[in-house]
Structures are given as C-alpha cells and as structure tokens.
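A short worksheet on the structure shown next.
Every read-out reported here was derived from the displayed coordinates using simple, explicitly stated rules and does not represent laboratory data. Predicted model only: the values in this text are computed from it and were never measured. Ideal geometry is used to build each Cβ from the backbone, glycine not excepted, and the neighbour counts take in all protein chains shown.
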Amino acid sequence: MSASSPRLEREFETLTVMVELHCLSAHGTAAPPCPDCRSLLDYARARLDRCPFGADKPTCAKCPIHCYRPAERELVRRIMRFSGPRMLWRHPLLALLHVLDGLREPPKKRPKPG
Ligand SMILES: [Zn+2]
C-alpha cells in the first residue's frame, strides 16, 4: 500500500522543509539537503510509505507505534525542535496545518506490531 494521501504528502513536505531549514543552518549547506540529510529524508519517506495507519496516520509525535530507529527518531526530534518555530515565519500555512494535524487523536484500533 502506498502512502499517497494528500495529508501524508503534506506531512512529508513539512518534514522536508524542516530538514532543509535545519541543514542550511546547522550543516552550512548552500543547497540543502546535504547527503546526510538526504538519506534521513529517504529513510523518513520509506517509513511513511510503510505506515500501517495509512491516511489515518496521526502525526509522528502522537503515533503509538514509533517506527523510527532510535537514532533517526532522536535526529528528527532535534530537527523539529529547531525548525518548528522557524516554520511559522517561512511556511505559516504548512506550520498551521501541522499543528492542526497534531490535534487529531490517533486511531483507536492499533495494528498489531509485527
Ligand atoms: Zn544536512
């Protein structure tokens, strides 16, 4: 099953913007993402495409599954903490929609792990 609902596409777009904002400032990349951030985005894309919730996916902060590996999860959390406030100025609409998504409750029925 592919995760090509508009909401998931937007979530990935939001993450991409956040990673690029962080990369620009933290890695001094002229044209982000740098190779490291590129591979993080590839990883995130792969996780999103395999998300068992599909279009009902809650934001990752609220997700009961947390499918990221610990290293990637910590990295993304740091990036979001850094880029979240900056999003408001550069991409107010995306930031607003992300906050609204964060208010959605996760689906009650959770898929069985494995
Ligand atoms: Zn980078």
inquiry  = Under 8 Å for C-alpha pairs, at least 6 residues apart: give me the relative contact order for segment 6-103, rounded to a whole percent.
reply    = 36
query = Going by alpha carbons, how many degrees (0 to 90, nearest 10) lie between the helix axis of 35-49 and the longest principal axis of the chain?
reply = 20
inquiry  = Angle check, please: helix 92-103 long axis (alpha carbons) against the longest principal axis of the chain (alpha carbons), in degrees 0 to 90, nearest 10.
reply    = 30
task = May I ask you to order 27-33, 95-101, 11-17 by the average number of other C-beta atoms within 10 Å around their residues, highest value first?
result = 11-17, 95-101, 27-33
query = So what's the back-of-envelope 222 nm ellipticity for the chain, counting only DSSP H runs of four-plus at -39500 (n - 2.57) apiece and dividing by all residues, rounded to 500?
reply = -20500 deg cm²/dmol
task = For segment 6-103, just the Cα atoms, rotate onto the principal axes and tell me the three extents in Å, largest first.
result = 36, 28, 21
